[in-house]
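Below is one structure, written out as structure tokens, with a few remarks after it.
The values are calculated or read from the model by the stated rules, or taken from the named source; none is laboratory data. Here the structure is a predicted model, which means the values were calculated and not measured. Note that we place each Cβ from the backbone using ideal geometry, even for glycine, and neighbour counts take in every protein chain shown. For the accessible areas, the whole protein counts, side chains as well, though only heavy atoms, and no ligand, DNA or RNA atoms are used. Shrake-Rupley method; radii C 1.70, N 1.55, O 1.52, S 1.80 Å.
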Amino acid sequence: AAAISELLALDWELVQSPPATPDVAIACGEIANRSVVEELCMHTHLAARLQALGINIVLTGCGADELFIGYGHLLGRLHHDELQHRFLSTYYRFDLRAINKLFGGYAIEVRNPFLHRLVVQYARQIPACALIGPSRILKAPLREPYLNELGAMAARPKLIARETMGV
């Protein structure tokens with residue numbers, strides 16, 4: 001984040017805090033799905049910090065994993081052609097609803113550029129085989145254009161909430 005922010009001349013702030021307890025995340029997001037709760041444990045602190053800064057609209061990367069096949073643990077379970085559709089149809093029911101409720105509780109509007117109608121239409125035209133790059137690199141259409149900026153970071157595997165939070 002620091003490297004990309006510097007390249008793009010963006011202000012950024014590292015928000016470090018202990019995760020909220022799962023019961024707080026469940027209350028804020030009104031959901032008990034384990035993977036979503038793990039993510040919301042950190043979003044509660046982020047939302048509070050953004051509210052304190054007077055930020056009332058946020059852009060997220062939500063939907064990138066769903067559109068461009070970013071979940072490696074499911075590659076063997078579903079055919080590549082089914083992954084994108086399955087991800088998008090379940091994502092709306094769980095993650096987005098919960099994230100919108102949590103941030104809405106802090107008077108923050110969440111916008112998801114990857115889930116804009118035109119981006120979704122475009123991504124659905126990409127053949128599933130092109131979404132997974134050489135050596136099973138996930139989200140290849142997003143990683144390849146930014147190789148110059150990301151360098152070795154472009155090949156890093158996706159980390160899920162419990163890995164990044166230490167839960």
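Yes/no per residue for (1) closer than 30 Å to ASP23 by Cβ; (2) at pLDDT 85 or above; (3) out of contact with any helix residue (DSSP H, G or I) (no Cβ under 8 Å at 6 or more places or on another chain):
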position: GLY54; (1), (2), (3): yes, yes, yes
position: GLU66; (1), (2), (3): yes, no, no
position: HIS80; (1), (2), (3): no, no, no
position: LEU88; (1), (2), (3): yes, no, no
position: GLU144; (1), (2), (3): no, no, no
position: GLU149; (1), (2), (3): no, no, no
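Determine if segment 99-110 includes at least one residue that is open to solvent by less than 20 Å² (accessible area, probe 1.4 Å) and either of a type in the set (Ser, Thr, Tyr) or modelled with pLDDT under 80 (or both).
no
Look at segment 121-133 and say how many of its residues are part of a helix (DSSP H, G or I) and over 17 Å from the mean Cα position of the chain (by Cα). Please lay out each step first, then the result.
First, pick out the residues of segment 121-133 that are part of a helix (DSSP H, G or I): 121-125, 128-131.
Now drop any that are not over 17 Å from the mean Cα position of the chain (by Cα), which leaves 121-122, 124-125, 128-130.
Total satisfying the criteria: 7.
Got at least one residue in segment 42-58 being under 28 Å from ILE137 (Cα atoms) and in a helix (DSSP H, G or I)?
yes
If you go through segment 131-161 one residue at a time, how many are surrounded by fewer than 12 Cβ atoms within 10 Å (Cβ to Cβ) and more than 26 Å from ALA2 (Cα to Cα)?
We begin by selecting, within segment 131-161, every residue surrounded by fewer than 12 Cβ atoms within 10 Å (Cβ to Cβ); these are 134-136, 145, 148, 151-152, 156-157, 159.
The next check asks that each one be more than 26 Å from ALA2 (Cα to Cα); those that pass are 134-136.
Counting residues in segment 131-161 that are surrounded by fewer than 12 Cβ atoms within 10 Å (Cβ to Cβ) and more than 26 Å from ALA2 (Cα to Cα) gives 3.
Taking only pairs six or more apart or across chains, which ones have beta-carbon atoms under 9 Å, a first residue in segment 74-102 that is closer than 15 Å to ALA64 by Cβ and of a type in the set (D, E, K, R), and a second residue that is at pLDDT 75 or above and part of a helix (DSSP H, G or I)?
ASP95/SER35; ASP95/VAL36; ASP95/GLU39; ASP95/GLU66
Looking at LEU96, LEU118, LEU102, can you tell me which residue is assigned to a helix (DSSP H, G or I) and in contact with a Cys (Cβ under 6 Å, 6 or more places away or on another chain)? I'd like the intermediate steps shown before the answer.
Working: LEU96 fails: in contact with a Cys (Cβ under 6 Å, 6 or more places away or on another chain); LEU118 fails: in contact with a Cys (Cβ under 6 Å, 6 or more places away or on another chain).
When all the criteria are applied, what remains is LEU102.
Identify, please: which residue in segment 47-79 is on the phi > 0 side of the Ramachandran plot and of a type in the set (Gly, Ala, Ser) and is, among those, least open to solvent (accessible area, probe 1.4 Å)? Walk me through how you get there before you give the answer.
Going residue by residue through segment 47-79, those that are on the phi > 0 side of the Ramachandran plot are 54, 63, 69.
In the following step, the residues that additionally are of a type in the set (Gly, Ala, Ser) were identified as 54, 63.
Details: GLY54: 60, GLY63: 1 Å².
That would be GLY63.
Which residues, taken from segment 117-130, are open to solvent by 40 Å² or more (accessible area, probe 1.4 Å), farther than 30 Å from VAL37 by Cβ and modelled with pLDDT of 80 or more? Can you show your working first?
Start the filter on segment 117-130 by keeping residues that are open to solvent by 40 Å² or more (accessible area, probe 1.4 Å), which leaves 117-119, 121-122, 124-125, 127, 129-130.
Restricting the remaining residues to those that are farther than 30 Å from VAL37 by Cβ gives 118, 121-122, 125, 127, 129-130.
Passing the criteria: LEU118, GLN121, TYR122, GLN125, PRO127, ALA130.
For segment 80-91, give me the residue count where each residue is surrounded by 15 or more Cβ atoms within 10 Å (Cβ to Cβ) and among the hydroxyl-bearing types (Ser, Thr, Tyr).
1
Would you pick out the residues in segment 2-25 that are closer than 23 Å to ARG97 by Cα and without any contact (Cβ under 8 Å) to a residue 12 or more places away in the chain?
Here is the first cut: in segment 2-25, the ones closer than 23 Å to ARG97 by Cα are 19-25.
ASP23, the sole residue that qualifies.
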